[in-house]
Amino acid sequence: MHFRFISVFKAQLYTVSIPMPPTDWMQLDDFYKTLDVNLMGLIGITLKLLPLLKKNKGRIVNVSSVLGRLAFLGGGYCVSKWGVEAFSDTLRRDMHHFGVKVSIIEPGFFKTGVTNIGDIERDLQRLWNQLTPEAKDSYGKKYFLDCKYLRLQRLSMRRLCDPDVSKVTKCMEHALTAKYPRTRYGVGWDAKLLWLPLSYAPTFLSDAILRMLFPVPAGDSNPAKRYQIDV
């Protein structure tokens with residue numbers, strides 16, 4: 001029986017919430033905290049156990065996110081998940097000669113503590129409150145206080161989140177026990193039908209589609225006509 005190892009790190013920050021603000025709402029410490037939990041911890045424990053894995057031709061299954069393939073939310077979450085993807089890809093190639101297999105799980109949106117809308121809204125309010133008056137003016141009150149940005153978060157959590165997290169664990173099981181595990185497992189209807197296909201689209205197209213989902217700041221200086229989906 002091979003020694004098999006699954007590296008699963010729940011993306012928890014500020015108890016359970018993911019910071020989902022525009023990038024300039026964040027402080028450097030916010031990025032450090034997210035990266036420490038989602039990326040550096042995963043790397044650290046993997047390096048500790050790597051000698052055993054090489055010796056026994058084990059398996060590594062890292063849980064990333066579909067947001068590690070398509071970055072469309074601010075904050076450090078996407079940054080950390082792209083890091084998990086890059087670390088896992090390089091690890092897979094490095095360990096190939098030692099018989100160690102590395103798989104990546106890329107879930108879409110699921111109903112977990114990470115996607116709790118109450119925690120998300122409280123964290124967004126915290127970040128809004130710490131902005132300078134100039135930064136708040138650049139976005140405008142309607143962007144946040146009149147709930148355009150919050151409505152988007154609520155809609156995303158309500159419409160996209162799948163309650164059946166067993167879909168994720170089944171992929172983990174397959175990656176650990178199958179004779180020929182897959183390199184990547186996209187999990188969830190939204191990942192397969194929306195985000196992963198969009199990640200293969202030309203950048204100008206994916207940017208245009210994603211911009212339609214988000215409210216426009218008051219200080220928008222782009223004269224191009226904008227189309228938005230009303231949420």
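Numbers for the structure displayed
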read-out: Selection from segment 91-140 of residues that are at pLDDT 90 or above, more than 30 Å from R59 (Cβ to Cβ) and of a type in the set (V, I, T); value: T132
read-out: Condition met for P217 (out of contact with any Lys or Arg (no Cβ under 7 Å at 6 or more places or on another chain), at pLDDT 80 or above and of a type outside the set (D, E, K, R)); value: yes
read-out: When residues of segment 76-97 are limited to those that are in contact (Cβ under 8 Å) with a residue 40 or more places away in the chain and in contact with a strand residue (DSSP E or B) (Cβ under 7 Å, 6 or more places away or on another chain), the one nearest to S64 (Cα to Cα); value: V84
read-out: Complete set of residues in segment 72-96 that are among the aliphatic types (A, V, I, L, M) and surrounded by 15 or more Cβ atoms within 10 Å (Cβ to Cβ); value: L73, V79, V84, L91, M95
read-out: Every residue from segment 164-217 that is among the basic types (K, R) and either in a helix (DSSP H, G or I) or touching a strand residue (DSSP E or B) at 6+ places or on another chain (Cβ under 8 Å) (or both); value: K167, K170, R182, R184, K192, R211
read-out: Index of the failed condition, G99 passing every other in (1) on the phi < 0 side of the Ramachandran plot; (2) of a type in the set (G, A, S); (3) surrounded by fewer than 22 Cβ atoms within 10 Å (Cβ to Cβ); value: (1)
read-out: Number of the condition not met by A71 [criteria: (1) among the hydrophobic types (A, V, I, L, M, F, W, C); (2) closer than 29 Å to L210 by Cβ; (3) over 13 Å from the mean Cα position of the chain (by Cα)]; value: (3)
read-out: Residues satisfying the stated conditions in segment 20-34, i.e. buried (at least 18 other Cβ atoms within 10 Å of the Cβ) and either in a helix (DSSP H, G or I) or basic (K, R) (or both); value: W25, D30, T34
read-out: Residue match in segment 153-162 (condition: on the phi < 0 side of the Ramachandran plot, modelled with pLDDT of 80 or more, in a helix (DSSP H, G or I) and of a type in the set (S, T, Y)); value: no
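The values are calculated or read from the model by the stated rules, or taken from the named source; none is laboratory data. Given the structure is predicted, the values throughout are model-derived calculations rather than measurements. Backbone-built Cβ (ideal geometry, glycine too); neighbour counts: all protein chains shown.
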